[in-house]
Amino acid sequence: MKYDLYSRGDLSLPPGAARCPGPSAQEILDRDGDQPPAALRASRYEFLGDEDLPFSRYTSQAFYDKEIERLWPRVWQWACREEHVPNIGDYWVHDVGPYSALIIRGADHQIRAFVNACPHRGMQFADAGSQGSGKQFVRCPFHGMSWNLDGTLRDIPCRWDFPHVEDDKFGLDALPCDTWGGFVFISFDSDAGPLRDYLEVLPEHFADTPLENRYVSLHMEKVLPGNWKMCMEGFLEAYHVLATHPRGLRASAWANTQYDIFSPHVTRFLQNLSSGNPHFERDVSQPELFEFLGHDRADLPPGMLARNRHADILREQMGQTLGVDLSEVSTSIMLDSIEYHLFPNACFFPGITIPLIYRFRPLTVDTCIHEILMLSPVPEDGPRPPPAPRVRVGIDQSYTEVDAFAGNRLAAVLDEDTDNFRRQSAGMKASRKAGQTLGNYQEARIRHFHHVLDTYLRD
């Protein structure tokens, strides 16, 4: 039988237990007939309540100020990729709100992070969002005081005027700094616990798809017209596919997306793509689905699922383009939208066709920066490609204007996503209803995020 797209489901189930009729994400993995990474077989959900979430959490300047004061100085956050600072003296500046960190590779090849402010008069060593190479030492552009790449004091011009300065107490203000998956993480909290503890299940779940074996093939930043949380949450659920991405309905099992709440800092969704939509009014044959995926239906072997054949074709085509052997990559990793969220603002995808990494950083209560990286597998023969240069796109520009996105369907999808934000932000402010009403399952990651956010804001 076919199911009504707007089915109310079984209302006798406990809150949060209802699921969309049709095959689950795990049943689709079963049909694939291969061995996806064990992490994709994990499943963890809990009902977190159904009370409305106040709009003031997105529109209030006071709430935003509390986040700046209590959230951003206390969390681990990725600053850059290791490949952004490959050589001695290479540096990268990471900013969020009023906080700024200078990440630099030292003479001993160790990557360190320091507060981007001179201990003398507070001058920034480098401009916000900048990067560079070849530094032999860190020099203040205001008065010329300098520090070694490990943060120790090097020189004070007119040293005779500073008899009160003790060298070992006048070093750069070091920040906790560590790496995972090829990313450099920093914290503005000097007492931050180990990064590995903060990452929780993330390293285990990416053990079979290590991000350190990828390189940055696209890097862009776009200003969005909305609060950073509101914009980010538009990417934490697939419920919006019905109205926002109608062209993807035929091939996406959007309403059967699996949502997992693994730990305080890590959640995930697993959305099967190229699998067909169980909610159409009529059955779509496998040849029809294969044709929709861009192939000649006559090329689908009898009895073979369109999703499996599509994955085989992409393994060969993308393997040749990327210079890697994808023959052992599972169908799900090849095709599906698998998104891990690391609190507070970063999302990591282990997939091949959707190799996205992105984060959302606040600019004002009503605007944010959406930063996107695409991580492609490093070619098996030949040198590691250099990271793509960072491209900045204005608030009124399209993702399709980025040359590296030209012809990529993902750019159009991102435009569809971000077109919502201006009206959503305005609607939140205009609403006479105090807050938003979330789904118990499909929007559970949003509710979980706010539960964790509150633990930071009230401590």
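The values are calculated or read from the model by the stated rules, or taken from the named source; none is laboratory data. Since this is a predicted model, take the numbers as computed values, not measurements. Here the Cβ is made from the backbone with ideal geometry for all residues, glycine too, and neighbour counts use every protein chain on show.
Residue by residue, here is whether (1) polar (S, T, N, Q); (2) surrounded by 17 or more Cβ atoms within 10 Å (Cβ to Cβ); (3) at pLDDT 95 or above holds:
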| site | (1), (2), (3) |
| --- | --- |
| ILE352 | no, yes, yes |
| PRO383 | no, no, no |
| PRO386 | no, no, yes |
| VAL402 | no, yes, no |
| PHE405 | no, yes, no |
| SER425 | yes, yes, yes |
| ARG432 | no, no, yes |
| GLY435 | no, no, yes |
| GLY439 | no, no, yes |
| request: Please specify each residue of the range 261-287 satisfying the condition of being over 33 Å from the mean Cα position of the chain (by Cα) and among the charged types (D, E, K, R). | output: GLU281, ARG282, ASP283
| task | State yes or no: is LEU335 surrounded by 16 or more Cβ atoms within 10 Å (Cβ to Cβ), closer than 18 Å to ASP208 by Cα and in contact (Cβ under 8 Å) with a residue 12 or more places away in the chain? | result | yes
| query | If we scan the range 401-417, do we find a residue that is touching a Lys or Arg at 6+ places or on another chain (Cβ under 7 Å) and among the β-branched types (Val, Ile, Thr)? | reply | no
| Has the range 430-444 got any residue that is in contact with a strand residue (DSSP E or B) (Cβ under 6 Å, 6 or more places away or on another chain) and more than 23 Å from LEU48 (Cβ to Cβ)? | no
| Do the conditions hold for VAL378, that is, is it more than 24 Å from ILE28 (Cβ to Cβ) and either outside the structural domain of ASN272 (by TED's automatic domain parsing) or buried (at least 20 other Cβ atoms within 10 Å of the Cβ) (or both)? | no
| task | Quick one: which residue in LEU356, LEU326, LEU342 is in contact with a strand residue (DSSP E or B) (Cβ under 9 Å, 6 or more places away or on another chain) and either among the polar types (S, T, N, Q) or more than 30 Å from GLY97 (Cα to Cα) (or both)? | result | LEU326
| query | Before we move on, is CYS177 crowded, with 18+ Cβ neighbours inside 10 Å and over 25 Å from VAL75 (Cβ atoms)? | reply | no
| said: Being assigned to a loop (DSSP other than H, G, I, E, B) and within 18 Å of the chain's Cα centre (by Cα) is the requirement here; does ILE352 meet it? | reply: yes
| query | So which of ASP197, ASP161, ASP191, ASP150 is surrounded by fewer than 22 Cβ atoms within 10 Å (Cβ to Cβ), within 29 Å of ARG390 (Cα to Cα) and at pLDDT 95 or above? | reply | ASP150
